[in-house]
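Here's the structure, in structure tokens; my notes come after.
Taken together, the values in this text are just the output of simple stated rules run on the coordinates, not laboratory data. Computed from a predicted model, the values in this text were never measured in an experiment. Don't worry about glycine lacking a Cβ; one is built from the backbone with ideal geometry, like all the others, and counts go over all protein chains shown.
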Amino acid sequence: MMTDEKTDDSGQGKDPALIFVLGDQLSRGLSALRRADPARDVVLMVEVAEEATYVRHHKKKIAFIFSAMRHFAEDLRAEGWTVDYVRLDDPANSGSFTGELRRAVARHGVRRVVLTEPGEWRVLEAARAWPEAFSISLDLLTDDRFLCSVAEFGAWARGRKQLRMEYFYREMRRKTGLLMAGDEPEGGQWNYDAENRKPAKADLFMPRPYQPQPDALTREVMELVDARFAGHFGRLEPFRFAVTTAEAEQVFATFVSVALPRFGDYQDAMLRGEPWLYHSVISPYLNVGLLDPLTVCRTVEAEYRAGRVPLNAAEGFIRQIIGWREYVRGIYWLKMPGYTSVNELQARRPLPDFYWTGQTDMSCLREAIGQTRDEAYAHHIQRLMVTGNFAMLAGIDPAQVHEWYLAVYADAFEWVEAPNTLGMSQFADGGLLGSKPYAGGGNYINKMSDYCGSCRYDVKQRTGRDACPFNALYWDFLDRNADKLRGNPRLGTVYATWEKMGETARTETRKSAAEFLAGLIAWKPPEGSP
Ligand code: FAD
Ligand code: DLZ
Ligand code: SF4
């Protein structure tokens with residue numbers, strides 16, 4: 001169904017078309033726009049309730065996407081395009097992509113629709129039904145904002161026993177030539193991750209991301225979101241997201257000059273009251289198309305070559321984008337449909353209510369969730385080793401964990417969120433993404449953060465009412481899942497330690513974990529939510 005774009009075909013001589021541009025396709029170089037003729041075709045953009053509520057997205061995320069869409073439409077109009085933009089509050093708005101396309105096909109009397117492949121399976125499935133439902137032809141084009149097409153990833157994966165990111169990443173380095181010295185990796189190593197594990201200290205020199213002020217258009221959208229999605233998670237104010245390419249470029253430029261040099265060193269660090277640390281905070285812009293992944297990587301490489309950024313920082317950053325980002329997308333399309341219902345460890349516990357309220361005595365979770373509520377952002381280690389780790393250790397149903405991550409982060413689209421959540425963080429795919437679960441006790445969090453100092457629990461204790469819950473849960477998780485995990489060669493030492501603890505300590509640990517888990521309050525979806 002997905003067609004590779006024919007580069008020699010600009011659609012010339014064809015009937016007028018509707019160019020359907022989705023909310024995460026806000027790139028001037030989008031394949032569907034490259035194929036179109038502004039003098040003949042009409043760009044269709046639609047704000048629809050279904051996209052905002054199929055999971056109840058964070059208020060800030062909805063405002064970010066609607067505002068970026070409206071700014072993008074304005075820019076296209078200024079360039080001479082005809083843009084048919086349907087606002088959420090248009091009384092005739094049907095509320096879904098399918099409903100709005102039906103109305104637009106009738107309105108414009110077109111027989112042809114052009115669409116760059118959507119980022120989510122759910123939307124692709126809907127699009128597959130459009131030609132028959134509306135008697136139109138649908139040109140479905142490759143999304144070449146990604147460096148590796150779905151077909152190319154499929155070819156790389158075919159016949160491999162293990163789909164390790166590291167090997168895929170090397171292919172992407174060779175393909176792009178990024179940080180290459182001829183056929184060899186720059187500096188002689190492909191990966192400098194081992195140098196990227198330093199804890200950080202809050203000081204006066206902590207970099208701050210560039211944060212634009214909302215303009216009148218954004219304010220209008222915020223009012224709309226406040227009125228229509230009042231019951232959704234998250235704070236709308238202060239709104240600090242860039243909503244145009246120019247603003248996103250400024251966010252990235254500020255990151256490059258103030259934070260990138262130490263990005264590598266402090267990639268895994270966590271500090272109270274410091275949501276951004278040395279991270280770029282550009283994922284929302286990459287994912288909706290305001291920034292181009294290859295361009296940002298080339299900029300980072302140039303900084304390294306100019307001697308302004310160490311190799312571990314440049315390599316670490318580039319690996320996240322041409323490695324992890326491309327790799328998880330490949331996995332998503334390789335394994336869908338079906339990937340979003342994996343549950344290898346048969347975890348069934350409902351999501352605790354504090355994931356939505358932020359009210360918990362565990363300082364690390366309170367911090368990560370509070371920041372998520374305020375900013376629709378948490379950095380990778382908070383997502384992986386705090387909220388993700390806890391959910392996996394506590395045996396939370398991965399479908400509920402997946403829904404939470406998809407709803408609460410401004411950068412969350414299923415193609416990137418699902419493999420990170422279900423694969424990397426929950427081990428729910430049985431080890432496709434990681435060779436062992438990313439499980440850790442309180443020690444890891446204590447080493448990488450300043451959270452434990454302000455916690456009512458004692459990170460050094462394993463059992464009892466005052467013990468850090470991560471500790472007993474960690475061992476209980478390994479014990480509970482021993483039939484699936486004991487044979488994993490990377491877990492041999494931890495299982496040996498568990499055995500050595502002796503029966504009394506093991507029983508105490510299981511009891512502590514059970515008592516803690518019994519006290520968790522299950523989250524109940526608000527009435528009327530889908
Ligand atoms: P930086 O640390 O500055 O990294 C630079 C860029 O690298 C990011 O902007 C992002 O585009 C890319 N990147 C880094 N790690 C990953 C990764 N593991 N997968 C894909 N791209 C990566 N990222 C999303 O973009 N959307 C999601 O919905 C999402 N969900 C996640 C869920 C879980 C459970 C986990 C563990 C990770 C998730 N990630 C997701 C990956 C990562 O946490 C975010 O990309 C990152 O925190 C974004 O912040 P940043 O821009 O400051 O990143
Ligand atoms: C996330 C989102 C939201 C909240 N709203 C819209 C919208 O109203 N219109 C739109 O075109 N896109 C929206 N999006 C992004 C889509 O969910 C995204 O394009 C699809 O999931 C495909 O990845
Ligand atoms: Fe989190 Fe445990 Fe540290 Fe408290 S003591 S902050 S629960 S790791």
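Brief remarks follow.
- Exposure proxy ranking for L334, L294, based on other Cβ atoms within 10 angstrom of each Cβ and starting from the fewest, stands as L294, L334.
- 0 to 90° range, to nearest 10: angle between helix 503-518 axis and the chain longest Cα axis: 40 degrees
- At R0 = 22 Å, FRET efficiency that the Cβ-Cβ distance of D144 and R170 yields, to 0.05: 0.55
- Overall form of the stretch 139-242 per C-alpha gyration tensor (a/c, 1.5; a/b vs b/c): oblate
- Filtered GluC sites (Glu not before Pro), the stretch 71-159: DSSP coil and at most 12 other beta carbons within 10 Å: E79
- Label-point gap, in nm, between R228 and S454 - each point 7 angstrom along Cα→Cβ: 3.6 nm
- Each of T421, T507, T218 was scored by other Cβ atoms within 10 Å of its Cβ. Arranged with the fewest first, they read T507, T218, T421.
- Loop-located chymotrypsin sites (Phe, Trp or Tyr not before Pro) in the stretch 100-206, at most 16 other Cβ atoms within 10 Å (DSSP): F205
- Tensor-based shape of the stretch 363-429 (alpha-carbon gyration tensor, a/c under 1.5 rounded, otherwise prolate or oblate): oblate
- Remark on D458: its backbone amide H falls under 5 Å from those of A467, C468, a criterion applied only to residues 5 or more positions apart or on other chains, H modelled at 1.01 Å from N.
- The stretch 67-136-the stretch 147-173 distance, computed between alpha-carbon centres (Å): 33 Å
- Likely footprinting exposure, I62, I381, fewest C-beta neighbours within 10 Å first: I381, I62
- Radius 10 Å from Cβ of D476, net charge of other residues (Lys, Arg +1; Asp, Glu -1): +3
- Our coupling estimate for the stretch 130-146, obtained by passing each phi through the Karplus curve with A = 6.51, B = -1.76, C = 1.60 and θ = phi - 60°, is 5, x, 6, 5, 10, 6, 10, 9, 10, 8, 9, 9, 4, 8, 8, 6, 8 Hz, Gly and Pro reported as x.
- Once the Cα-Cα distance is subtracted from the 0.36 nm per residue extended length, the T493 to D183 segment shows a gain of 107.9 nm.
- Along the axis of the charge dipole computed for the chain (Cβ charges of +1 for Lys and Arg, -1 for Asp and Glu, origin at the Cα centre), the listed residues P238, I381, A418 are led at the positive end by I381.
- Computed from the C-beta positions of Q162 and D89, the FRET efficiency with R₀ = 51 Å rounds to 0.55.
- Considering only alpha-carbon pairs that sit under 8 angstrom and 6 or more positions apart, the relative contact order computed for the chain is 16 percent.
- Sites R305 and K511 - FRET efficiency at Förster radius 45 Å, r taken between beta-carbons, to 0.05: 0.20
- Cut-off 13 Å between beta-carbons: net charge of the residues surrounding Y444, Lys and Arg +1, Asp and Glu -1: +1
- Shape call, the chain: gyration tensor on alpha carbons, a/c limit 1.5: prolate
- Separation of the stretch 214-231 from the stretch 439-456 is 37 Å, based on Cα centroids.
- 12 Å beta-carbon shell around I521, net charge (K/R +1, D/E -1): +1
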